[in-house]
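Heads up: the structure comes next, in C-alpha cells.
The values are calculated or read from the model by the stated rules, or taken from the named source; none is laboratory data. Being a predicted model, the structure only gives us computed values, none of them experimental. Cβ placement follows ideal geometry from the backbone for every residue including glycine, while neighbour counts extend to all protein chains displayed. Only protein heavy atoms, including side chains, enter the accessible area calculation; ligands, DNA and RNA are left aside. Shrake-Rupley method; radii C 1.70, N 1.55, O 1.52, S 1.80 Å.
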Amino acid sequence: MSHTSGGLVASSRPTPRPRGRAGVHLLCIGIACAAFAACGDEDRGADQNPVSGGGSGGNGGAGVAGGTAGPIGGSGTGGGAGSARAGAGGSSAAGSSATGGAGGGNSGQGGGASGRGGAGGMAGPAGSGGAEPDAGTSGTGGEPATDLEPFSFFTTSLAAMQRLSASDDGFGGDLTYGEADGLTGADKICTEIAEASMEGAAAKGWRAFLSVSEGPGGGPVNAIDRIGEGPWYDRVGRIVAMDKAALANTRPQGADPIIYNDLPNEDGVPNHRPDPNQPEVDNHHILTGSDTSGRLYMGDDRGTCGDWTSIAQSSGRPRIGFSWIAGGRTHWISGQDEGGCGAGVNLIDGGGSDPSNPIVGSGGGYGGIYCFALMP
C-alpha cells in the first residue's frame, strides 16, 4: 500500500518482508567481511585488526549458517568453516591474529551468491593463536681453564711424605701408594702434593723423576724421558731449567741463583732449611735410580728398590742425587748408593750413606723424590 494525496491506494509491487535491525546488520557485516577478505593482504597476520563480528585468533570456528533468503535469490548456503591463518609467529594470546573472522564471512558470502541479499554467515568464534615454538635453551659454555701461575718442579718435603705415608718414617723404597707399580704411585704422590700446594695444579700432569727397569709398559723407563720438555719453575715462579739439556748437568743450568745449589720443596723453600724457624738439616739425599744423564742406573732394579715397590733389605741400595751441595757431593741426579730401601729418616750429617743402616735416608734424608710437571 502507498499514500497519495487522496488517501490509500493499492500498490502493484509486492510488500517486502520486514527485516529486523539485526538482519540488516548481519547483511552488511557479511558483505563487508567478504570484501575485506578479497582485498586484504593475507600475510599481514597479527598486525591486522579484527573486523566487527569476526573473531580474532589462530583457528576460527565454523561459520554460522548463511543468512536468510533474499528477495530475489534463495536462501544462502551455510558459511563454511572460518579458516583463520595464524598471525605472524602465532601469539599465544587469543585474538592476536585478525583474519579468522574474515574467513567465516567469506564463506557465508559465497553461500549468499545464489540468493542476493542473504546475510553473510557469522564469523567463527575467536581461536587462540598458535603459540610460538619454544626456543631451545642455549647451553652454557664450559668454564674457561684457569690460568695457573708457573709451578712445575719441587723436591718433596719430609712433612709431605710423612703426611701421605701416614708414617714418621715416610714411604721408604715402596712408592706404590695404592697403585699397581712404583712409577704410577710416585706420580700420584707428586700430584697430590702439588695440588695441596696450589689448587688446580694437579691438572699440569706430574711425573716423578725416577727410572725403573720395567715400567707399566714392560720395558725400562728413564727419568729424563718422562718429565716433558720444560721449562720448569718452582712454586714461587723461579726458573729451574729451560729444557732437558739444562737438566743434564751437575746442577740445573740457568736455574735461579737462589735455588741453583739448594733445590726447593713444594712451598718454594730451599730444602736445606725447610723450616725458617729451625736450623738447617741434613736431608739432601733424593731418590732417582738414575745415572748422571737421568737414565736407569746400572741397567737393572738394584738401584731402584725393585722398581720402587719394596722396602726389603734384599732389594738393593737405591741410587740418589743431592738436592743441595755438601762438600764434594754435588750432582743433583746421581751421586751415591743409599744404605738400603727401608723406610727411615736421618737428618744428622754422618758423612755419607751407611750400608749398615739399610734405610733410604742413612746418609742424610728421608726418601724424598723430585717432581716435574708436563706443563709449566
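The residues of segment 297-316 that are on the phi < 0 side of the Ramachandran plot and either open to solvent by less than 50 Å² (accessible area, probe 1.4 Å) or in contact (Cβ under 8 Å) with a residue 60 or more places away in the chain (or both), listed by number, are Tyr297, Asp300, Asp301, Gly303, Thr304, Thr309, Ser310, Ile311, Ala312, Ser315. Of the residues in segment 216-233, at least one is touching a residue at least 40 places away in the same chain (Cβ under 8 Å) and within 18 Å of Asp267 (Cα to Cα).
Does segment 351-364 include one or more residues that are under 43 Å from the mean Cα position of the chain (by Cα), open to solvent by 30 Å² or more (accessible area, probe 1.4 Å) and touching a residue at least 24 places away in the same chain (Cβ under 8 Å)? No, that holds for no residue. Do we find that Trp206 is within 27 Å of the chain's Cα centre (by Cα) and modelled with pLDDT of 95 or more in this structure? Yes. For segment 220-236, a tally of residues being in a loop (DSSP other than H, G, I, E, B) and open to solvent by less than 10 Å² (accessible area, probe 1.4 Å) returns 2. For Glu192, the stated conditions hold: it is part of a helix (DSSP H, G or I), closer than 27 Å to Asp275 by Cβ and out of contact with any helix residue (DSSP H, G or I) (no Cβ under 6 Å at 6 or more places or on another chain).
Considering only residues in segment 278-296 that are open to solvent by 10 Å² or more (accessible area, probe 1.4 Å) and of a type outside the set (Asp, Glu), the one that is nearest to Gly340 (Cα to Cα) turns out to be Leu296. Residue pairs whose Cβ atoms lie under 8 Å apart, separated by 6 or more positions or on different chains, with the first residue in segment 317-329 and at pLDDT 95 or above and the second assigned to a strand (DSSP E or B) and charged (D, E, K, R), are Arg317/Asp337; Pro318/Asp337; Arg319/Asp337; Ile320/Asp337; Phe322/Arg329; Ser323/Asp262; Trp324/Asp262; Ile325/Asp262. Taking Arg207, is it open to solvent by 30 Å² or more (accessible area, probe 1.4 Å), in contact (Cβ under 8 Å) with a residue 60 or more places away in the chain and of a type in the set (Lys, Arg)? Considered against the rule, which asks whether it is open to solvent by 30 Å² or more (accessible area, probe 1.4 Å), in contact (Cβ under 8 Å) with a residue 60 or more places away in the chain and of a type in the set (Lys, Arg), Arg207 comes out as yes. In segment 237-257, the residue that is surrounded by the fewest Cβ atoms within 10 Å (Cβ to Cβ) out of those that are more than 13 Å from Gly294 (Cβ to Cβ) and touching a residue at least 60 places away in the same chain (Cβ under 8 Å) is Gly237.
Can you tell me which residue within segment 299-316, out of those that are touching a Lys or Arg at 6+ places or on another chain (Cβ under 9 Å) and more than 17 Å from Asp225 (Cα to Cα), is modelled with the lowest pLDDT? Once the filter is applied, the top-ranked residue is Arg302. With the structure loaded, tell me whether Asp275 is in contact (Cβ under 8 Å) with a residue 12 or more places away in the chain and either open to solvent by 30 Å² or more (accessible area, probe 1.4 Å) or of a type in the set (Asp, Glu) (or both) or whether it fails that test. So Asp275 fails the test. Per the listing Leu158, Leu164, Leu175, the residue uniquely over 33 Å from the mean Cα position of the chain (by Cα), within 19 Å of Ala202 (Cβ to Cβ) and not β-branched (Val, Ile, Thr) is Leu175.
For segment 149-170, the set of residues classified as outside any helix (DSSP H, G or I) and out of contact with any Phe, Trp or Tyr (no Cβ under 7 Å at 6 or more places or on another chain) consists of Glu149, Phe154, Thr156, Ser157, Ala166, Ser167, Asp168, Asp169, listed by residue number. Of the residues making up segment 171-204, those that are under 18 Å from Asn265 (Cβ atoms) and open to solvent by less than 10 Å² (accessible area, probe 1.4 Å) are Leu175, Ala186, Ile189, Cys190, Ile193, Ala194, Ala201.
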